1. Nearest 0.05, what FRET efficiency do B:ASP314 and A:HIS54 give at R0 = 60 Å with Cβ-Cβ as r?
2. Under a point spin-label approximation (7 Å from Cα along Cα-to-Cβ), what is the A:LYS46-B:ALA276 distance to one decimal in nm?
3. Exposure proxy check: B:CYS325, A:CYS158 ranked by fewest other beta carbons within 10 Å?
4. Can you give me the convex hull volume of the Cα atoms of the stretch A:12-59, divided per residue and expressed in Å³?
5. Stretched out fully, how many nm does the piece from B:SER137 to B:THR335 gain, at 0.36 nm a residue minus the Cα gap?
6. I need the Kirkwood Rh of the stretch A:1-94: take the reciprocal of the average 1/r across all distinct C-alpha pairs and report it in angstrom.
7. Would you report the distance distribution of C-alpha pairs in chain B as whole percents per 10 angstrom bin, up to the bin with the largest distance?
8. If you take every DSSP beta bridge fully contained in chain B, what fraction is antiparallel? Give it as a percent rounded to 5.
Amino acid sequence: MSGWLSPDEWVAVRLSLLVASTAMLVSLPFGIAIAWLLARGRFWGKSLLDAAVHLPLILPPVVTGYLLLLSFGRKGPIGAWLEAWFGVVLSFRWTGAVLASAIMGFPLLVRAIRLSIEAVDRKLEDAAGTLGAGPFQVFLVVTLPLCLPGILAGMILCFAKAMGEFGATITFVSNIPGETQTLPSAIYTFTQVPGGEAGAMRLTLISIALSVTALFASEALARRVSRRVAG
Amino acid sequence: MNPALQVDVRHRLGGFALQAQFGSDGGLTALFGPSGSGKTSLVNIIGGLIRPEHGRVVVDGQVLLDTQAGIDLPSHRRRIGYVFQEARLFPHLTVRQNLLFGRWFAPRLAPATTELDAVLELLGIGHLLARRPAGLSGGEKQRVAIGRALLAKPRLLLMDEPLASLDEARKAEILPHIERLRDELHIPIIYVSHAVAEVARLATTLAVMEQGRVVVAGPGAEVMTRLDIAGLSGLREAGSVLEGEVLAHDPHYGLTTLRSRAGLLQVPGPPRSQGARLRVRILARDVMLSLGRPQGLSALNILAGTVAEIGEGDGRGAVTLRIDCGGAPLLSRVTAKSVAELGLVPGLGIHAIVKSVSVEAP
């Protein structure tokens with residue numbers, strides 16, 4: 001198959017997979033925490049938090065990317081701080097692509113997990129409390145395992161969104177082959193040059209194959225998990 | 001010795017005021033009352049699932065809640081076992097993992113293997129260990145839930161209508177296990193129910209609730225025969241409970257002779273071993289009264305006693321009386337006309353004719 005794709009195209013495929021899985025894994029703990037806060041918390045500003053989480057879903061991706069560039073760019077307040085204190089640079093790096101796609105996938109991740117936390121029977125949590133489990137322990141051994149199907153669904157959605165993310169990524173980290181050129185950016189580049197149709201088609205087929213595989217894998221996993229959770 | 005349990009609670013729930021005060025020296029305390037009388041709210045307060053406006057809960061000398069002193073132990077530190085109406089087993093865990101759930105959080109209290117075995121034997125659930133809750137029957141689930149609560153080593157066991165969602169056969173399957181809990185383990189139990197039969201069979205102490213208040217509390221058999229309680233909506237089927245010892249069983253007629261405080265009783269039923277203790281319940285409407293000792297009657301059980309109390313009429317011509325039979329109370333419901341014609345007054349010697357006796361507990 002490596003003969004079928006050019007080395008540059010392979011790099012784009014591998015980079016996309018790397019960016020999407022890193023984005024999914026890094027945002028998972030935050031996603032669970034925010035989902036729990038939104039599902040169970042009662043605090044001032046909850047609807048503000050809800051709106052902020054959903055913002056990337058409704059803003060044009062280019063706007064999100066531009067805001068990221070303003071704040072996380074080397075001259076932006078957060079970007080400058082990160083570079084001064086940790087030597088971390090996000091703009092025009094693959095890690096920046098991770099940040100952009102993680103932020104774009106975050107609302108989908110939180111939404112799926114939040115729904116499944118809301119569906120967990122509070123009575124089971126009360127019962128665990130009477131058996132000596134503290135609130136965090138209840139969360140770990142009762143709530144979390146019971147919403148595992150929702151967490152998996154959220155992870156897959158987040159992964160798929162990150163694989164397909166284009167606007168915010170290209171605005172924030174540009175389209176540098178081998179560093180920030182993910183599948184969508186590579187396809188876009190092909191469509192911009194004469195004679196690029198074949199390359200665009202190859203990458204498009206790969207995109208479709210990856211997405212469909214992710215979808216089937218998640219379905220199978222979710223079925224297994226929910227069978228286990230339902231007993 | 002400390003009383004096993006002291007509860008004093010005042011709490012407002014919407015338009016409903018809960019005000020309850022009772023105590024227990026151990027055994028099984030039944031909280032009895034119609035639906036909506038505040039029983040579940042009260043046990044939720046004891047278990048730490050609801051925080052009351054004012055209250056004090058002391059279990060075995062340990063203050064779990066004292067709103068005045070600012071003490072409010074969270075439910076996971078109270079060590080109060082709770083068996084809910086629906087079993088609430090964890091669906092993602094096996095029966096064994098459910099049973100040993102409490103052990104994860106209190107390794108010091110972890111039950112020894114012998115204890116697990118004892119609980120499995122007590123509840124008859126040893127064969128279910130590897131199963132998952134979804135595959136169990138309602139009765140099995142409820143027994144596992146009881147075992148799970150016991151294995152967390154509770155100071156007190158709360159049971160909130162644990163049989164309410166089960167059919168008669170399943171109830172009959174579990175009741176003996178609850179009796180064994182009461183008699184063999186030294187854990188005080190609070191048992192919420194609105195079923196007279198369960199309460200009559202199980203209660204050592206009985207607290208009757210109505211509209212958020214504990215209207216009366218005391219020894220089970222005594223409370224059940226009090227006339228002022230007999231009229232309460234939930235206890236419409238007034239009756240009395242007698243405890244007795246099996247003297248003999250006549251296989252020919254299928255009758256067991258029982259010695260109770262009220263005198264000898266003959267009750268129908270399967271063979272029973274001599275010396276066994278039985279609880280029987282006699283409904284007030286099944287007790288007739290006679291001034292002289294009646295002759296030539298088909299009724300087997302005739303008890304001598306004196307009229308202790310005459311209740312108020314129910315407005316439909318019936319009056320409930322409490323008869324003192326050798327110290328044991330017996331309720332009888334007769335017509336107001338009979339009371340007048342026989343000249344029944346407190347202190348009058350009388351014979352109680354018992355038309356039927358039902359055995360409540362083997």
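Values quoted throughout were computed directly from the atomic coordinates according to the rules given, and no laboratory measurement underlies them. Note that the coordinates shown come from a computational prediction; the quantities given were computed from them, not determined experimentally. Here Cβ is always computed from backbone atoms with ideal geometry, including for glycine, and neighbour counts include all displayed protein chains.
1. Working: r = 64 Å, r/R0 = 1.07.
Step by step, r from the Cβ atoms, then E = 0.40.
2. 5.7 nm
3. On the way: B:CYS325 21, A:CYS158 29.
The order, fewest Cβ neighbours first, is B:CYS325, A:CYS158.
4. Numbers: hull volume 3.7 nm³, N = 48.
About 76 Å³ per residue, rounded to a whole number.
5. Numbers: separation 198, 0.36 × 198 = 71.28 nm, distance 4.64 nm.
So the chain would gain 66.6 nm between B:SER137 and B:THR335.
6. Details: mean 1/r = 0.0614 Å⁻¹.
16.3 Å is the Kirkwood radius here.
7. Pairs per bin, as whole percents: 5, 22, 28, 24, 14, 6, 1, 0.
8. Within chain B, antiparallel bridges account for around 80 percent of the total.
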